[in-house]
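Right, I'll just put the structure down here and ask away after.
The values are calculated or read from the model by the stated rules, or taken from the named source; none is laboratory data. Because the structure is a prediction, the values reported are computed rather than measured. Every residue, glycine among them, receives a Cβ derived from its backbone with ideal geometry; neighbour counts consider all protein chains shown. Please note that ligands, DNA and RNA were not included when accessible areas were found on the heavy atoms of the full protein model with its side chains. Shrake-Rupley method; radii C 1.70, N 1.55, O 1.52, S 1.80 Å.
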Amino acid sequence: MNTSVTMDKIVSLCKRRGFVFPGSEIYGGLANTWDYGPYGVELINNIKKTWWKTFIQEREDMVGVDAAILMNPRVWEASGHVGSFTDPLMDCKKCHERVRGDKLLESKIGVEDVVKLSLKQISELVHTHKIPCPKCGACDFTEARSFNLMFRTYQGVVEDSAAMVYMRPETAQGIFVNFKNVQQTTRKKLPFGIGQIGKAFRNEITPGNFTFRTREFEQMEIEYFVKEAEWKPLYDGWRESMNNFFVQTLGFKKDKMRWRQHDDNELSHYSKETWDVEYEFPFGWGELWGIAYRTDYDLKQHTKFSGEKLEYLDPETNEKLVPHCIEPTFGVTRTALVALLDAYEEEEVSPATDVKPADVRIVMHFKPSIAPIKAAILPLMKKEPLAGKARELFAQLKKNFMVEYDESGSIGKRYRRHDELGTPFCITIDFDTVEKDDCVTIRDRDTMKQERIKLSEVKEYMQRAIET
Ligand SMILES: [Zn+2]
């Protein structure tokens with residue numbers, strides 16, 4: 001039996017248990033869209049809350065913003081997205097499949113060399129290498145043309161180009177354009193940073209792998225402003241913080257993570273050093289987070305395009321300077337996918353015998369702080385006085401924790417359901433609770449060990465477990 005995690009197993013569990021549903025499902029869906037269900041939204045919110053607390057609220061040098069998704073189109077001229085945020089698009093003449101020309105060539109000439117090619121070179125190489133269409137196998141493509149990945153929409157009632165606006169392809173620019181507003185209202189001194197959580201949109205030619213590459217996604221981004229001379233130690237400090245966030249704060253498996261540095265060909269023209277945090281997905285290593293040193297490029301570009309001087313007045317030297325910028329960026333959507341993959345385990349509870357197959361439980365080992373449900377309150381049977389007592393405890397815990405009351409089905413089935421939801425504790429109310437000792441049985445998700453504790457101590461018990 002293969003017990004390792006696969007994308008199919010995660011997709012199926014997400015649908016079965018209410019983490020993630022296919023988007024617009026009753027209408028036959030909409031390609032590459034996913035809706036987070038009751039447990040998925042809790043997981044995602046916990047990840048965002050944890051990030052905000054760690055990187056904004058607990059630090060003295062950080063503040064937050066929440067900028068609009070629709071921005072003045074000039075922003076995207078300044079940032080370079082209008083001119084160069086493109087992929088080389090090719091169409092199969094036979095089946096009309098749309099593909100990225102550079103992706104077709106990666107297996108032939110290597111990722112590092114593909115990024116240097118012009119559109120003309122890509123077209124020629126796809127023809128000379130006789131690369132087949134991944135869908136129908138024909139070797140007959142159109143010439144590569146440049147395809148801008150930004151979504152467009154129209155603001156106002158007239159659909160003319162004057163009212164055309166883009167859906168932001170990254171949250172970063174909403175931070176840069178507010179640099180002056182934020183610095184002046186908070187009176188922050190360098191080095192300091194601005195963080196933001198929000199949705200962004202990219203019209204990817206080839207999205208896929210469940211929620212790994214979606215056209216609509218959410219980011220948690222930081223722009224950290226520094227004096228040029230001080231960038232390197234601060235940059236390394238941020239890498240350390242990202243490491244800690246992965247291993248300690250979110251509790252992901254350390255051996256599933258690696259750092260990969262971008263080489264000169266991959267670097268954006270303004271970036272001096274970029275690293276990716278990669279995760280070992282079932283389909284291979286893939287980008288999870290990244291950190292770039294963007295120099296003073298962005299603030300200078302916005303100064304040039306807007307006419308507004310985005311400078312900083314050094315209170316010690318009275319000198320005006322344009323801060324340099326370090327950008328740690330985290331995908332919310334990908335972090336949630338990693339949380340699901342990383343937590344998944346199939347565990348053999350009892351081996352197969354001649355008469356019955358092995359008993360295997362699926363358990364999601366989320367760190368309690370990000371688990372969607374912190375505890376399930378289960379009366380042993382669906383009758384009084386057990387149900388009443390259980391509801392009483394539920395009402396009490398609900399004020400502090402996300403908990404669920406569950407009375408239907410056998411206790412074993414209810415345990416298994418909460419194992420798949422990753423609920424750290426199942427709290428059972430039985431006849432002894434009511435008649436004898438005022439104690440409950442707490443079952444631990446990971447060890448399946450049960451212990452009996454006083455009803456009055458349950459809240460403190462959970463508090464301790466969730467905080468560590
Ligand atoms: Zn084809």
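With r defined as the distance between the Cβ atoms of Arg391 and Gln248 and R0 fixed at 30 Å, what FRET efficiency is calculated, to the nearest 0.05?
0.25
Once you measure Cβ to Cβ distances between cysteines in the chain, which Cys have no partner under 4.7 Å?
Here Cys14, Cys139, Cys325, Cys426, Cys439 come out as lacking a disulfide-compatible partner, given the Cβ-Cβ threshold of under 4.7 Å.
At R0 = 56 Å, how high is the FRET efficiency between Ile453 and Arg187 if r is their beta carbon distance? Nearest 0.05 is fine.
Numbers: r = 49 Å, r/R0 = 0.88.
Once rounded, the FRET efficiency stands at 0.70.
Next question. Once amide H atoms are placed 1.01 Å from N in the peptide plane, what residues at a sequence separation of 5 or more from Gly193, or on another chain, have their amide H within under 5 Å of its amide H?
Amide H neighbours of Gly193, under 5 Å, 5+ apart: Met62, Val63, Phe225.
Among 8-15, 166-173, 311-318, how do they line up by average Cβ neighbours within 10 Å per residue, starting with the highest?
166-173, 8-15, 311-318
Which value, in nm² and rounded to one decimal, describes the direction-averaged projected area of the C-alpha convex hull of segment 373-467?
Directional mean of the projected Cα hull area for segment 373-467 stands at 5.4 nm².
Once the other residues with Cβ under 15 Å from the Cβ of Gln396 are scored (Lys, Arg +1; Asp, Glu -1), what is the net sum? If you can, show how the numbers build up before the last one.
Details: positive: Lys374, Lys389, Arg391, Lys398, Lys399, Lys454, Lys459; negative: Glu392, Glu404, Asp438, Glu457, Glu460.
Local net charge: +2.
Would you calculate the separation in nanometres between label points at Glu204 and Arg361, each defined as 7 Å from the Cα along the Cα-to-beta-carbon direction?
3.5
Return P(r) of segment 21-120 (all Cα-Cα pairs; 5 Å bins starting at 0; whole %; ordered from short to long distances).
Per 5 Å bin, starting at zero, the Cα-Cα P(r) for segment 21-120 comes out as 2, 9, 9, 9, 11, 15, 17, 16, 8, 2, 1, 0 percent.
Give the accessible surface of the chain per residue, rounded to a whole number of Å², with probe radius 1.4 Å and ligands, DNA and RNA excluded.
Averaged over the residues of the chain, the accessible area is 49 Å².
Find how much the distance from Glu384 to Trp259 grows on full extension, using 0.36 nm per residue of separation minus their present alpha carbon separation; answer in nm with one decimal.
Values: separation 125, 0.36 × 125 = 45.00 nm, distance 5.62 nm.
Extra length available between Glu384 and Trp259 comes to 39.4 nm.
Right, here's the next one. Scan around Asn203 for amide H atoms under 5 Å from its own, H built in the peptide plane at 1.01 Å from N, and keep only partners 5 or more places away or cross-chain.
Residues meeting the criterion, in which the H sits 1.01 Å from N, are Met150, Phe151.
Sticking with this structure for a sec: Measure nothing but the geometry: give the 0 to 90° angle between the long axis through the Cα atoms of 7-17 and the longest principal axis through the Cα atoms of the chain, rounded to 10°.
50
Give a quick list of trypsin sites (Lys or Arg not before Pro) in segment 303-373 that DSSP marks as loop, anything other than H, G, I, E or B, with at most 13 other Cβ atoms within 10 Å.
Sites meeting the loop and neighbour criteria: Lys309.
How far, in degrees from 0 to 90, does helix 38-52 lean away from the longest principal axis of the Cα atoms of the chain, to the nearest 10?
Compared with the principal axis, the helix lies near 60 degrees.
Going toward the positive end of the dipole of the chain, with +1 on Lys and Arg Cβ and -1 on Asp and Glu Cβ, which of Tyr224, Thr6, Ser241 do you reach last?
After comparing all options, I get Thr6.
Helix-derived [θ] at 222 nm for the chain: sum -39500 (n - 2.57) over DSSP H runs of at least 4, divide by residue count, nearest 500?
Taken over the chain, the calculation gives -8500 deg cm²/dmol.
Just to confirm my numbers, what's the Cα centroid distance between segment 221-241 and segment 79-126 in Å?
Here the answer is 33 Å between Cα centres.
Can you list the lysines whose alpha carbon is less than 26 Å from that of Lys389, not counting same-chain residues fewer than 8 positions off?
Counting by Cα, and skipping residues close in sequence, Lys389 has these lysines nearby: Lys374, Lys398, Lys399, Lys413, Lys436, Lys449, Lys454, Lys459.
On to the next question. Give the angle, between 0 and 90 degrees and rounded to the nearest 10, that separates the Cα long axis of helix 386-397 from the longest principal axis of the Cα atoms of the chain.
Result, in degrees: 40.
Another one. Take the alpha-carbon positions of the chain, form their convex hull, and give its projected area averaged over all directions (one quarter of the hull surface) in nm².
So the Cα hull casts an average projection of 29.4 nm².
In this model, which of Lys15/Lys383; Lys15/Lys253; Lys48/Lys180; Lys15/Lys53; Lys188/Lys320 are farther than 19 Å apart at the alpha-carbon? Please report the intermediate quantities before stating the final value.
On the way: Lys15/Lys383 31 Å; Lys15/Lys253 24 Å; Lys48/Lys180 26 Å; Lys15/Lys53 30 Å; Lys188/Lys320 15 Å.
Lys15/Lys383; Lys15/Lys253; Lys48/Lys180; Lys15/Lys53, as the Cα separations exceed 19 Å there.
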